[in-house]
Amino acid sequence: MDIEKVFAERFKTGVTRRSDEFKAGYRASLEFESNGVRIINPYRIGSAQADAFWAGAFERRFTKN
């Protein structure tokens, strides 16, 4: 899988805007799916940033959008 290509297609211009944290979670999920890289959330548990990170990771893992 070409991670950069999938990521670019998902977040191309005109697609719903997402936070950097959401995108980081989405990318982390792509890395896990492609290379088995463990998903580690770098944000403080309970913060909006952590929630956005997991939202991005879960979007990729469960909807493949």
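Things to note:
- Pairs with Cβ under 7 Å, 6+ apart, first in the range 1-26 and without any contact (Cβ under 8 Å) to a residue 24 or more places away in the chain, second open to solvent by 90 Å² or more (accessible area, probe 1.4 Å): 11/18
- Tally, over the range 12-29, of residues that are at pLDDT 90 or above, of a type outside the set (D, E, K, R) and outside any helix (DSSP H, G or I): 1
- Considering (1) modelled with pLDDT of 95 or more; (2) out of contact with any helix residue (DSSP H, G or I) (no Cβ under 9 Å at 6 or more places or on another chain); (3) not in a loop (DSSP other than H, G, I, E, B), the lone condition that residue 56 does not fulfil carries the number (2).
- Pair list, Cβ under 8 Å, 6 or more apart: the range 50-64 residue over 13 Å from residue 18 (Cβ atoms), other residue open to solvent by less than 90 Å² (accessible area, probe 1.4 Å) and of a type in the set (D, E, K, R): 50/21; 61/33
- For the range 31-53, a residue qualifies if it is open to solvent by less than 90 Å² (accessible area, probe 1.4 Å), at pLDDT 95 or above and assigned to a helix (DSSP H, G or I), and the qualifying residues are 31, 32, 48, 49, 50, 52, 53.
The values are calculated or read from the model by the stated rules, or taken from the named source; none is laboratory data. All of these numbers come straight from a predicted model, not from anything done at the bench. Quick reminder, even Gly has a Cβ in these numbers, built from the backbone with ideal geometry, and neighbours come from all protein chains shown. The area values use the complete protein model at the heavy-atom level, side chains included, leaving out ligands, DNA and RNA. Shrake-Rupley method; radii C 1.70, N 1.55, O 1.52, S 1.80 Å.
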